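Any read-out appearing in this document is the output of simple, stated calculations on the displayed coordinates, not a laboratory observation. Because the structure is predicted, anything quoted here is derived from the model rather than measured. As a convention, Cβ positions derive from the backbone with ideal geometry for all residues, glycine included, and neighbour counts pool all protein chains shown.
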Amino acid sequence: MTESDSAGQQPQQEEAASAPASGAAPSRRAVLGWGGAGFALGAAAAGGAVTAFGGGPDMVSAAAAGASVSFHGEHQAGIASAVQDRLHFAAFDVKTKDREELIKLLKEWTVAARLMAAGLPVGEGGFGGLPEAPPDDTGEALGLKASRLTLTIGFGPGLFAKDRFGLEGKRPEALVDLELFPGDNLDPARSGGDLCVQACADDPQVAVHAIRQLARIGFGRTAMRWSQLGFGKTSSTTPDEQTPRNMMGFKDGTRNISGTDKAALDKHVWVGAGDGSDWLTGGSYLVARRIRMNIETWDRTPLQEQEDIFGRDKGEGAPVGKSRERDEPFLKAMKPEAHVRLAHPDTNNGATILRRGYSFTDGTDGLGRLDAGLFFLAYQRDIRKGFIPIQRNLARSDVLNEYIQHVGSAVFAVPPGVRDKDDWWGRTLFA
């Protein structure tokens, strides 16, 4: 849990995807040729006119209408895009040893992701095909709108290992293996992965369906290593919206990078042309951390102590000594070990990340304690200059560490966006 500076890029275009009442979405045969990742989708195929939405009230209208987010672009959707309410994140191990088979899989995943982002079923759909064969789509999202679904892929360090896919010379220097920070209690079963896919949507069933389809397509070539469901976004890329609260009841991500601040996104999030890995230009780096909160202990902590720990008041979210949430914090007025003070860019030589965190609850442990916390997603231009210095500072002296523990961790290189119908996830890496 960290507090970021404000900054951003042009938001991904939102497309109204509510189909007319008098007609179903077209079948795959009508819009998709089986020549690799070839695909053509216009406004008619999406089931309605295309409308652009910004932040604020228009974004709320887009969410209510079940709008779709454009799959194509210079950058992948799901990073600077307006944060949706639900998450299904999955990490996969690649089982095939064949480079061409991996490329084929990524092309097939791209086709499926493009369809699902538009609110369309995969393949021939969930019914109407050969009775003797399983349907192409599992069907649980049939009749549901796109719900601003975004699918974002990342490549883990293992993909670049020697004698696997001939990519060892293409591993970016900034894709580093994270050190074990003080207090970490990482579970290998909830860490790592060759590939990751982040599915975000306003409807949980849409997000879960998306990961389920990709896992199904990858059967035999990939295996899901771990996954995480999330709800109640704990950060926002649209500053004019109400700042969400985390499971500790505090507003989280007040100073997150804005999805419309191009200068800040270019500086802190997107990999630049001179950063050392040409194939990753326009992409980013992702750090995923599963952070469990000691909810029962926190709930017995006095209010004043809670506010001192964060460096903000619990009601308005204002920094210590200020009256409004977005007032510039006066760090020296906070306790030296306050979370906001230690996470602030001014305390970390300007280190800034874009956050897309989600709360989670996964039942209880053997002692009856709630297994709940924050699934932390941090995008940055360079992990060595973003997450690592911030986390070192927090791990060393943040008093919040008494109430949280990092139990899962993974890093990924996130390739640039899919530019057009002939492009596919990872093309720049494998070219």
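Quick rundown of the values:
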{"quantity": "Hydrodynamic radius by Kirkwood, which averages 1/r over all alpha carbon pairs of region 14-430, in angstrom", "calculated": "22.1 Å"}
{"quantity": "For region 79-191: span of alpha carbons on each principal axis (Å, largest first)", "calculated": "52, 36, 26"}
{"quantity": "Using θ = phi - 60° and Karplus 6.51 cos²θ - 1.76 cosθ + 1.60, couplings along region 74-89 (whole Hz; Gly, Pro as x)", "calculated": "5, 10, 5, 5, x, 10, 8, 4, 3, 6, 7, 8, 10, 9, 10, 10"}
{"quantity": "When the convex hull of its Cα atoms is projected in every direction, mean area for region 274-358 (nm²)", "calculated": "8.0 nm²"}
{"quantity": "Integer Hz, Karplus 6.51/-1.76/1.60 couplings in order for region 340-350, x for Gly and Pro", "calculated": "4, 5, 6, 8, 5, x, 5, 8, 10, 6, x"}
{"quantity": "Net charge contributed by nearby residues that have their C-beta within less than 14 Å of Leu180 (K/R +1, D/E -1)", "calculated": "-1"}
{"quantity": "Taking Asp346, Asp261 and counting other C-beta atoms within 10 Å, the order from fewest to most", "calculated": "Asp346, Asp261"}
{"quantity": "Cut-off under 5 Å, modelled amide H: who pairs with Val414 long-range", "calculated": "Phe155, Ser284, Tyr285, Leu286"}
{"quantity": "For region 256-370, size of Cβ-based charge dipole, Lys and Arg +1, Asp and Glu -1, in debye", "calculated": "40 debye"}
{"quantity": "Order of Asp382, Asp371, Asp423 under a 10 Å beta carbon neighbour criterion, fewest first", "calculated": "Asp371, Asp423, Asp382"}
{"quantity": "For region 207-213, Karplus couplings with θ = phi - 60° (6.51, -1.76, 1.60), whole Hz, Gly/Pro x", "calculated": "5, 5, 4, 4, 5, 4, 5"}
{"quantity": "Total charge dipole magnitude, region 14-430, about the Cα centre, Cβ charges on Lys, Arg, Asp, Glu only, Debye to nearest 20", "calculated": "420 debye"}
{"quantity": "Cα lying deepest toward the dipole's positive end in region 14-430, options Ser147, Ala117, Gly386, charges on Cβ", "calculated": "Gly386"}
{"quantity": "For region 177-230, alpha-carbon Rg and Dmax in angstrom", "calculated": "13.8, 39"}
{"quantity": "Amide H partners (placed H, <5 Å) of Gly408, local residues excluded", "calculated": "Asp187, Arg290"}
{"quantity": "Above-threshold pairs, the threshold being 21 Å between Cα atoms, out of Lys97/Lys170; Lys104/Lys170; Lys251/Lys322; Lys97/Lys421", "calculated": "Lys97/Lys421"}
{"quantity": "Gyration tensor (alpha-carbon) shape descriptor, region 162-252, a/c threshold 1.5", "calculated": "oblate"}
{"quantity": "Sequence of Val399, Val122 once ranked by neighbouring C-beta atoms within 10 Å, starting from the fewest", "calculated": "Val399, Val122"}
{"quantity": "Between region 164-195 and region 379-431, the Cα center-to-center distance that results, in Å", "calculated": "10 Å"}
